[in-house]
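Chemist: Pasting a structure here, questions to come.
The values are calculated or read from the model by the stated rules, or taken from the named source; none is laboratory data. Keep in mind that what you see is a predicted model, and the values were worked out from it rather than measured. Here the Cβ positions follow ideal geometry from the backbone for every residue, glycine too, while neighbour counts run over all protein chains shown.
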Amino acid sequence: MSILKTGVKVKAIWWPGENSARVQVGKNQVKAMAITMENGQMAEVPWVVQENDDGTIGLHNCAMLGGMELEHKIAKGASE
């Protein structure tokens, strides 16, 4: 089962480290975030696209993140 698919809604992302930065929907003018797949060197790789209240867009490479919180519900028995 692949969880990181285009369109999966993201609640928050953060970077590793003691003083890690955190981006969260509903804070600092972040309107919405979702997974998007972008072409990489060898295959598509997951990124988080961030939409802000003023209409600007940001992209965050998932490989660089320390973690993320998703709005995705894991189906019963999917981890078996």
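Chemist: Tally time: how many residues in the range 39-56 are part of a strand (DSSP E or B) and over 13 Å from the mean Cα position of the chain (by Cα)?
Modeler: Within the range 39-56, residues that are part of a strand (DSSP E or B) and over 13 Å from the mean Cα position of the chain (by Cα) number 3.
Chemist: Condition first: over 13 Å from V8 (Cβ atoms) and assigned to a strand (DSSP E or B). Now tell me which residues in the range 21-38 satisfy that.
Modeler: R22, V23, Q24, V30, K31, E38
Chemist: Suppose we filter the range 25-74 for residues that are touching a strand residue (DSSP E or B) at 6+ places or on another chain (Cβ under 9 Å) and among the basic types (K, R); how many remain?
Modeler: Counting residues in the range 25-74 that are touching a strand residue (DSSP E or B) at 6+ places or on another chain (Cβ under 9 Å) and among the basic types (K, R) gives 2.
Chemist: Out of the range 57-67, which residues are under 14 Å from W15 (Cβ atoms) and either touching a residue at least 60 places away in the same chain (Cβ under 8 Å) or not in a loop (DSSP other than H, G, I, E, B) (or both)?
Modeler: Listed by number, the residues that qualify are G58, H60, N61, C62, A63, M64, G67.
Chemist: Is it fair to say E18 is acidic (D, E) and part of a loop (DSSP other than H, G, I, E, B)?
Modeler: Judged against the criteria, E18 is a match.
Chemist: Okay, next question. Only one residue in E51, E18, E44, E71 is out of contact with any Phe, Trp or Tyr (no Cβ under 8 Å at 6 or more places or on another chain) and at pLDDT 95 or above. Which one?
Modeler: Unique residue meeting the criteria: E51.
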